[in-house]
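To start, the structure under review is shown below, and the notes come after it.
Here, each number is a calculation from the coordinates, and none is a lab measurement. What you see is a predicted model; the values in this text were computed from it and never measured. Because the Cβ atoms are built from the backbone with ideal geometry, glycine has one as well, and the counts that use them run over all protein chains shown.
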Amino acid sequence: MLRTATGALYTGITTDVERRLKEHASGNKGAKSLRGKGPLSLVLELSAVDRSEASSLEARIKQLSKEEKERLVSGNKHVLTVIRD
């Protein structure tokens, strides 16, 4: 999960977090929704066993409210348990 300069949170999946963060920051291959919203910072990284699980986690995170996402980023174990179940 990335945080933009304005505090917005962006969720996505990748096999190489460092490479993808550079792509988003450069604006060339990154998400259009992040262009011009830097600097970007990585605030949460979760691992998944495969792409299917990663997509499922991404979908669950995107359904959370902003407040719940902030709790997740701050390390709230309850929110993490909810999205992993």
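Within the range 12-26, residues that are within 12 Å of residue 47 (Cβ to Cβ) reach partners that are surrounded by 15 or more Cβ atoms within 10 Å (Cβ to Cβ) and among the acidic types (Asp, Glu) with beta carbons closer than 6 Å, at six or more positions or on different chains, in the pairs 13/58. Residues of the range 38-53 that are over 19 Å from residue 75 (Cα atoms) and either hydroxyl-bearing (Ser, Thr, Tyr) or assigned to a helix (DSSP H, G or I) (or both): 51, 52, 53. The conditions of being basic (Lys, Arg) and under 12 Å from the mean Cα position of the chain (by Cα) are met by residue 69. Contact map, the range 58-74: residues that are at negative phi paired with residues that are of a type outside the set (D, E, K, R) and exposed (fewer than 12 other Cβ atoms within 10 Å of the Cβ), Cβ distance under 9 Å, separation 6+ or inter-chain. Pairs shown: 71/78. For the range 14-37, a residue qualifies if it is in a loop (DSSP other than H, G, I, E, B) and either of a type in the set (D, E, K, R) or surrounded by fewer than 16 Cβ atoms within 10 Å (Cβ to Cβ) (or both), and the qualifying residues are 14, 15, 16, 27, 28, 29, 31, 35, 36, 37. Say we look at the range 38-48 and pick out the residues that are surrounded by 14 or more Cβ atoms within 10 Å (Cβ to Cβ) and out of contact with any Lys or Arg (no Cβ under 9 Å at 6 or more places or on another chain); which of these is nearest to residue 3 (Cα to Cα)? Filtering the range 38-48 for residues that are surrounded by 14 or more Cβ atoms within 10 Å (Cβ to Cβ) and out of contact with any Lys or Arg (no Cβ under 9 Å at 6 or more places or on another chain), the one nearest to residue 3 (Cα to Cα) comes out as 38.
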